[in-house]
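The values are calculated or read from the model by the stated rules, or taken from the named source; none is laboratory data. The structure presented is a predicted model; accordingly, all values stated were derived computationally and were not measured. All Cβ positions, glycine included, derive from the backbone under ideal geometry; neighbour counts span all protein chains shown.
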Amino acid sequence: MQHTDQESKSGNDVQSADPKASKSESQETINNTSKFNVIRRNGQVTAFDGSKIQVAMTKAFLAVEGGQAAASRRVRETVEQLADQVYMALFRHMDDGGTVHIEDIQDQVELAMMRAGEHKAARNYVLYREKQNEKRARAKARAEKNEPEAAANEEVLHVIDADGNRKPLDMARIETIITEATRGLKGVTKELIIKDVRRNLFDGMAESDVNASVTMSARQLIEKDPNYSHVTARLLMDGIRAEALSFINGEPTVATQKDMQEIYPDYFGKYIQRGVELNLLDSELTRYDLPRLAAAIKPERDKKFTYLGLQTLFDRYFIHMGKTRIELPQAFFMRVSMGLAINEIDREARAIEFYELLSSFDFMSSTPTLFNSGTLRPQLSSCYLTTVPDDLDGIFSAIKDDALLSKYAGGLGNDWTRVRGLGSHIKGTNGESQGVVPFLKVANDTAVAVNQGGKRKGAMCAYLETWHIDMEEFLELRKNTGDDRRRTHDMNTANWIPDLFMERVAKDESWTLFSPEEVPELHELYGKAFREQYEQYELAAQNGGIKNFKVIKATDLWRKMLGMLFETGHPWITFKDPCNIRSPQRHAGVVHSSNLCTEITLNTSDAEIAVCNLGSVNLPHHVTDKGIDHKKLEKTITTAMRMLDNVIDYNFYSVPQARRSNLKHRPVGLGLMGFQDALYSQDLAYATEAAIQFADETMEAVSYYAIQASSDLAAERGTYPSYDGSLWSQGILPIDSVQMLKEERGQFIEQDQSSTLDWDTLRDKIKTQGMRNSNTMAIAPTATISNISGVSQSVEPVYQNLFVKSNLSGEFTVINPYLVEDLKKLDMWDDVMVNDLKYFDGSVQPIDRVPEELKAKYATAFEIDSRWLVEAASRRQKWIDQGQSLNLYMVEPSGKKLDSLYKLAWVRGLKTTYYLRSIGATHVEKSVDSSSNQAPQISEPGSAAPKACSILDPDCEACQ
């Protein structure tokens, strides 16, 4: 008996043929297949022949039912119908032709017979396939032993190279690469990958497509085990090596990971020279002792990447010429390090020190630093904050500055509060102002036009103080309805809220909106001074001394703020007074806004554009099962702070106000990432008191070592120019400034002030040595650099335990490795669990067989009450001299819940919040009630969380 020997690509989701179709129509459909091809098992491509399906099935039926006439007629009718179903399943999505694989054709034949209830015939067919597989396996074994008969039967596949030449495919090398990629990783099977690779390779394919095919064979297995992500990255690395080495060497070059121990040093020197020749790298890099740096490179660290991390680097970070990447990962990290060490005395030693930190993922510089360090225009800073003046020339100068800053990968935060409001008098034309909104539209379009060379989208955030008379229009900027000329669909917006407004909301009092040209002092005041001046302006408005104002209920405006936040995600809620009262630089100016991601709180003025350089410590790399590894954390932060400080002098400044500000104050922003991973390693659930305490202790350690490192740098390099008069110079550290906020606000403030480290000794050191940097810490979102490092984002809870992530580099399956490891220990990790996680959108909560302690530990962002996030953020905020980018999550937002959450954030002393993220209704239906993770109940004496919340809102859910 003979059966079909053709194959297809994926026969999922079989769809039966139209039962009304006649036999002749079905037959015609089956035979009309000239536009389809089949990849045979030996890789040869042949035309699809539908009649072979019918022959194979007919023989399977006849073997069971015999050859009687009645049986033959039934068999013929059944086979025609089933063959049509098989055809439709294979080709219904291939209107313009396509290629299928023989194994999948046979899978569809099996499926069709089983679904039709023809179990005996299907069994016969299955047994035949198994026998044929065994025969092929024996033939392969003989071939591997070089038996002549088998070798003669092995057909060699050919590929077409870049020059159009046809040459044999080196399958032995492919198997070597796969073996190398899987070595040392648990839970992966090289045979699975090799089998799939063999199916997808065919005779005559482009040589350039081979690596992609091999990589995709491993990529589809990531959902089975997270270690396949490392396998996929290592297979991708083979293609990256070939591309870079071939370009540098001027001829086709391939190498295994093992080969790179010898190749990397030679490649590195050539790469630096070639990069300079192509005007891609700074010629100063050639003056380094390149052999010394090359000897320090660790090729084995190329194996540390996940697939998402390496693909992201390849697509967006590596130096390229045209579409060809000439940079390999360890050369990339060394190039960045060389740029950061360019002004050091022993710059080779420092470059190696910086390289060790980056390549180990213990610390990662921010994206602009990674993009541009060592290049001809080293714009390495992450954030720029500006304040826009109230005149036409100043407004458009500010927009021009935005464009120049955005061009080289800077994120922007603009303070627009000084621009006069709608209806205000314009002296020069004796007309009326159209307000701030039309200018915001221009700024929005500028951000769209300047997209940082295609590397990432240009982005800015507009800030407006809550007393501005255009506030109600400002709230609607992101709406999808209304006059599109007064909408900014691409620009972020944020409320810059004084404490007085929040107090008026809490007490259900009125609020007055002003146009800024009539109340100029308000922009420069905060705290008690703001309150006094604001109340005087209210009296002046009542007495006719101010023309353009509006009185509304504070609670009405607050509701509209929260309503727009829910509807559009904007404007974000940020608090002016904590940012200023606790600012170390309050003697040198006013913080008028935060930045694009709400973590930077620096002074701005017409003469100064604030600049901040960011980088993040990989927290799980500094935590063991016994807690914080203080020795390693101190060492990492000491080096990281030096790297951040070096950016200031090395940086390319596209506008003079930014250079002036950065050299005068020298602020940096050291943050952290992987907080959720660190919790997993401590076996802690996010929604617990223990996690809040962990957030407190880890941030205290980061704060201590960051401030200490800056002070030590001051001893070596001198204090920053505006140090005198700062809170630092008065011996007031970030933890001390919490008390200043409490004294200034007087009420509605409950923030923990406990500590564990020896802060008195550090205060004494600062009195002696001073500080190198006006600001030292800020927790950024780390969206991309956490992908590169293979950890969770910033301080966020995990989004889902299994999901497909989309970004500019494509789509990537991401699976929680900690969950997989815990499930493996319980012998619960299998295909059924994978399927359940897919169905429940990465949630373990609805899966009954998962133990409750794991459900708590692996609760996702939308399954954790966001008040836990606020409590953890409050503990971190007391240690940070700037802010933190804090997303808040809510499954089913309501006015009451939002009111409770954002009032709690204010009461707990947060400086800013970031996105409010909600979830679609279809996801809610499959999700569990998040009430299992109840709001934090603070038990320590003096915290009085319920009391503070109840003052603001007697029905506050945080109090229950």
Q: Taking residue 897 as the residue in question, decide whether it is surrounded by fewer than 18 Cβ atoms within 10 Å (Cβ to Cβ) and either part of a helix (DSSP H, G or I) or touching an Asp or Glu at 6+ places or on another chain (Cβ under 8 Å) (or both).
A: no
**Q.** Answer from 232, 256 - the residue that is within 19 Å of residue 301 (Cα to Cα) and outside any helix (DSSP H, G or I)
**A.** 256
(Q) Take the residues in region 833-863 that are surrounded by fewer than 22 Cβ atoms within 10 Å (Cβ to Cβ) and β-branched (Val, Ile, Thr); name whichever of them is modelled with the lowest pLDDT. (A) 834
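Looking for something of a type outside the set (Ser, Thr, Tyr) and modelled with pLDDT under 95 - is there at least one such residue anywhere in region 898-905?
no
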(Q) Looking only at region 762-804, filter to residues that are in a loop (DSSP other than H, G, I, E, B) and among the aliphatic types (A, V, I, L, M); which one of those is farthest from the chain's Cα centre (by Cα)? (A) 771
Q) Would you say residue 745 is charged (D, E, K, R), surrounded by fewer than 18 Cβ atoms within 10 Å (Cβ to Cβ) and farther than 25 Å from residue 597 by Cα? A) no
(Q) Any residue that is in a strand (DSSP E or B) and more than 28 Å from the chain's Cα centre (by Cα) - is there at least one of those in region 446-469? (A) yes
Q) Out of (1) in a helix (DSSP H, G or I); (2) in contact with a helix residue (DSSP H, G or I) (Cβ under 7 Å, 6 or more places away or on another chain), what's the single condition that is false for residue 221? A) (1)
Q | Subset of region 652-674 (residues that are surrounded by 23 or more Cβ atoms within 10 Å (Cβ to Cβ) and either out of contact with any helix residue (DSSP H, G or I) (no Cβ under 6 Å at 6 or more places or on another chain) or of a type in the set (Gly, Ala, Ser) (or both)) | A | 658, 661, 665, 667, 669, 671, 674
Q: Among the residues of region 307-323, count how many are within 27 Å of residue 804 (Cα to Cα) and of a type in the set (Val, Ile, Thr).
A: 1
**Q.** Those residues of region 178-207 which are within 29 Å of the chain's Cα centre (by Cα) and among the aliphatic types (A, V, I, L, M), in sequence order
**A.** 178, 181, 185, 188, 193
Q. So which of 144, 155, 130 is under 46 Å from the mean Cα position of the chain (by Cα), modelled with pLDDT under 80 and over 20 Å from residue 44 (Cα atoms)?
A. 144
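State all residues of region 815-831 that are within 26 Å of the chain's Cα centre (by Cα), outside any loop (DSSP other than H, G, I, E, B) and in contact (Cβ under 8 Å) with a residue 40 or more places away in the chain; if no residue qualifies, say none.
815, 817, 818, 820
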Q: Please state which one of 238, 266 is crowded, with 19+ Cβ neighbours inside 10 Å and acidic (Asp, Glu).
A: 238
(Q) Would you confirm whether or not region 311-333 contains a residue that is more than 26 Å from the chain's Cα centre (by Cα), among the β-branched types (Val, Ile, Thr) and buried (at least 18 other Cβ atoms within 10 Å of the Cβ)? (A) no
Q) Which condition does residue 386 not pass, out of (1) modelled with pLDDT under 90; (2) of a type in the set (Ser, Thr, Tyr); (3) buried (at least 16 other Cβ atoms within 10 Å of the Cβ), if it passes all the others? A) (1)
Q: Would you check if residue 214 is assigned to a helix (DSSP H, G or I) and hydrophobic (A, V, I, L, M, F, W, C)?
A: yes
Q | Within region 604-618, considering residues that are crowded, with 24+ Cβ neighbours inside 10 Å, more than 16 Å from the chain's Cα centre (by Cα) and not β-branched (Val, Ile, Thr), the one farthest from residue 494 (Cα to Cα) | A | 613
(Q) Checking the structure you have, find out if any residue of region 493-510 is closer than 22 Å to residue 597 by Cα and modelled with pLDDT under 95. (A) no
(Q) Taking the criterion of being crowded, with 23+ Cβ neighbours inside 10 Å, of a type in the set (A, V, I, L, M, F, W, C) and within 15 Å of residue 667 (Cβ to Cβ), would at least one residue in region 628-638 satisfy it? (A) no
Q.
Return the pair list, or none, for Cβ contacts closer than 6 Å from residues in region 682-696 that are more than 19 Å from residue 630 (Cα to Cα) to residues that are crowded, with 16+ Cβ neighbours inside 10 Å and at pLDDT below 95, at least 6 apart or on different chains.
A. 687/933
(Q) Of the conditions (1) of a type in the set (A, V, I, L, M, F, W, C); (2) more than 30 Å from residue 642 (Cα to Cα); (3) in a loop (DSSP other than H, G, I, E, B); (4) touching an Asp or Glu at 6+ places or on another chain (Cβ under 9 Å), residue 834 satisfies every one except a single condition; which number is it? (A) (3)
Q.
Test of understanding: among 248, 272, which residue is over 22 Å from residue 351 (Cα atoms) and over 26 Å from the mean Cα position of the chain (by Cα)?
A. 248
